[in-house]
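K.L.:
The structure that follows is given in the form of structure tokens.
The values are calculated or read from the model by the stated rules, or taken from the named source; none is laboratory data. Here the structure is a predicted model, which means the values were calculated and not measured. Heads up, the Cβs are rebuilt from the backbone with ideal geometry, glycines too, and the neighbour counts pull from every protein chain shown.
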Amino acid sequence: MNIIRPKIYINEVRTKHGKIACSSSELDLGVTLKGGQSFRWFDHDDGYRGVFDGCVWTLTQNDTHLSYTVQGPLVDYKNYDKILSDYFRLDVCLHDLCKKWIASDQHFKKSLNKTNGVRILNQDVVENVFSFICSSNNNIQRISGMVQKLCTLFSEKICSIEGKDYYSFPSIEALASTDVENKLREEKFGYRAGYIANTAKHLVQLGGKEWLSNLHKENNASYVDARKQLVTLPGVGPKVADCICLMSLGHLEAIPVDTHIFQIAKASYLPHLKQYKTVTPKIHEEIGNYLRELWGPSAGWAQALVFCAKINDVTACTTSRNKRERTKES
DNA sequence: TACAAACCTTCTCT
DNA sequence: AAGAGAAGGTTTG
């Protein structure tokens with residue numbers, strides 16, 4: 001007997017184009033997408049292509065506009081302009097923030113001269129928890145490869161574009177399934193394999209994604225409490241917790257104190273810390289509190305700008321650059 | 001409470 | 001050519 005069902009294309013791949021007014025001084029796609037906040041964006045022609053909100057986005061910009069193509073299982077009721085605008089927090093005026101930071105911090109302008117248009121991305125919290133667990137003692141290139149591996153091993157294909165497959169980020173449940181740690185060990189995740197598997201299992205026990213979402217500022221969680229909860233997860237210490245708070249829980253006062261911010265703090269703000277070689281929890285606390293006082297309620301955003309100015313400072317890394325180019329030529 | 005040392009792997013520089 | 005040192009840290013003793 002033939003059962004006739006209406007055809008429903010649940011996973012039909014569709015494409016939509018759009019354009020949002022946004023000046024290039026408010027947003028620099030390159031430093032924002034590839035400065036170490038997200039690990040899922042890659043160069044594509046004169047723009048960038050990556051995955052978020054379960055779709056593949058291709059972004060370009062000019063002086064006045066941000067243009068996008070979004071591909072995947074698109075649905076009619078969603079406003080993709082708004083989804084992209086929310087991702088970049090385009091409702092926040094970076095220019096106004098910078099004016100305040102220049103006024104309160106005599107060192108800030110130097111950073112701004114090197115880099116502008118850094119925005120704090122509003123990312124998915126599950127993706128951020130596991131991505132930043134991968135980030136410990138690691139570099140951006142390798143982290144990106146590991147995040148990609150998590151997606152292909154434990155999640156689903158969104159669609160295929162120009163012969164390349166794109167995947168969504170795995171669910172907590174998928175990462176909590178059997179044998180995840182061993183599989184990740186085989187993929188050279190090292191000691192992070194155990195952190196990922198155990199954090200996933202831990203999160204399932206706590207209530208999954210909902211538990212994480214309840215730490216969001218919009219759900220009335222405080223920064224201090226969100227951070228306190230996050231560091232109970234294996235592989236999540238103060239720095240990773242601050243990354244999660246800042247980039248996916250709306251706590252813009254969170255300041256991840258990594259080795260670069262530690263160097264900057266010693267050089268320009270807290271010279272008495274020069275005697276210390278590594279960031280201890282106490283020093284993390286001291287630097288965070290000092291910079292929050294200096295930069296105000298969006299201090300984490302200022303931190304991101306200062307951080308990007310440092311790592312993108314060409315004058316500070318001429319040696320390795322010259323060496324690379326010389327090797328290529330010969 | 002406060003430090004080291006260990007932890008996995010990759011890449012770079014010497 | 002081989003090995004130390006660092007890479008946007010966390011855990012353990």
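K.L.:
Within the range A:274-290, can you find the residues that are away from DNA strand B (no atom under 11 Å from the Cβ) and free of Cβ contacts under 8 Å to residues at least 24 places away in the same chain?
P.N.:
A:LYS274, A:ASN289
K.L.:
Of the conditions (1) modelled with pLDDT of 90 or more; (2) in a helix (DSSP H, G or I); (3) surrounded by fewer than 17 Cβ atoms within 10 Å (Cβ to Cβ); (4) more than 13 Å from DNA strand C (Cβ to nearest atom), A:PRO297 clears all except one; give me its number.
P.N.:
All conditions are met except number (2).
K.L.:
So for the range A:179-192 (the condition being of a type outside the set (Lys, Arg), surrounded by fewer than 23 Cβ atoms within 10 Å (Cβ to Cβ) and more than 16 Å from DNA strand B (Cβ to nearest atom)), does at least one residue qualify?
P.N.:
Checking the range A:179-192: at least one residue is of a type outside the set (Lys, Arg), surrounded by fewer than 23 Cβ atoms within 10 Å (Cβ to Cβ) and more than 16 Å from DNA strand B (Cβ to nearest atom).
K.L.:
Name the residue, out of A:LYS7, A:LYS16, that is exposed (fewer than 15 other Cβ atoms within 10 Å of the Cβ) and at pLDDT 95 or above.
P.N.:
A:LYS16
Residue-by-condition table, conditions (1) in a helix (DSSP H, G or I); (2) surrounded by fewer than 22 Cβ atoms within 10 Å (Cβ to Cβ); (3) in contact with an Asp or Glu (Cβ under 7 Å, 6 or more places away or on another chain):
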| site | (1), (2), (3) |
| --- | --- |
| A:THR232 | no, yes, no |
| A:VAL240 | yes, no, no |
| A:CYS243 | yes, no, no |
| A:MET247 | yes, no, no |
| A:GLY250 | no, yes, yes |
| A:PHE262 | yes, yes, no |
| A:LYS266 | yes, yes, no |
| A:HIS272 | yes, yes, no |
| A:LYS277 | no, yes, no |
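K.L.:
Return the only residue of A:ILE133, A:ILE158 being among the β-branched types (Val, Ile, Thr), buried (at least 20 other Cβ atoms within 10 Å of the Cβ) and in contact with a helix residue (DSSP H, G or I) (Cβ under 7 Å, 6 or more places away or on another chain).
P.N.:
A:ILE133
K.L.:
Can you find a residue in the range A:29-42 that is at positive phi and outside any strand (DSSP E or B)?
P.N.:
Among the residues of the range A:29-42, at least one is at positive phi and outside any strand (DSSP E or B), which makes the answer yes.
K.L.:
Take the range A:139-174 and flag every residue that is touching a residue at least 12 places away in the same chain (Cβ under 8 Å) and within 12 Å of DNA strand B (Cβ to nearest atom).
P.N.:
A:ILE140, A:ILE143, A:SER144, A:MET146, A:LYS149 - these are the residues of the range A:139-174 that are touching a residue at least 12 places away in the same chain (Cβ under 8 Å) and within 12 Å of DNA strand B (Cβ to nearest atom).
K.L.:
Can you tell me which residues in the range A:232-256 are more than 6 Å from DNA strand C (Cβ to nearest atom) and over 15 Å from the mean Cα position of the chain (by Cα)?
P.N.:
Answer for the range A:232-256, where residues must be more than 6 Å from DNA strand C (Cβ to nearest atom) and over 15 Å from the mean Cα position of the chain (by Cα): A:THR232, A:LEU233, A:GLU253.
K.L.:
Going by the structure shown, is A:SER67 of a type in the set (S, T, N, Q) and either free of Cβ contacts under 8 Å to residues at least 24 places away in the same chain or surrounded by fewer than 19 Cβ atoms within 10 Å (Cβ to Cβ) (or both)?
P.N.:
Yes.
K.L.:
When you look at A:ILE158, is it closer than 18 Å to A:VAL51 by Cβ and either more than 16 Å from DNA strand C (Cβ to nearest atom) or touching a Pro at 6+ places or on another chain (Cβ under 8 Å) (or both), yes or no?
P.N.:
yes
K.L.:
Just one of the numbered conditions (1) crowded, with 21+ Cβ neighbours inside 10 Å; (2) of a type in the set (Phe, Trp, Tyr); (3) under 15 Å from the mean Cα position of the chain (by Cα) is not true of A:TRP57; which one?
P.N.:
The number of the failed condition is (3).
K.L.:
When you check A:LYS201 against the structure, is it farther than 20 Å from A:ALA254 by Cα, over 20 Å from the mean Cα position of the chain (by Cα), modelled with pLDDT of 95 or more and not in a loop (DSSP other than H, G, I, E, B), yes or no?
P.N.:
Judged against the criteria, A:LYS201 is a match.
K.L.:
Conditions first: (1) of a type in the set (Lys, Arg); (2) surrounded by 14 or more Cβ atoms within 10 Å (Cβ to Cβ); (3) within 23 Å of the chain's Cα centre (by Cα). A:LYS82 passes all but one, so which condition is the exception?
P.N.:
(2)
K.L.:
Then there is this: Restricting attention to the range A:117-167, report how many residues are of a type in the set (Asp, Glu) and not in a loop (DSSP other than H, G, I, E, B).
P.N.:
Qualifying residue count for the region: 2.
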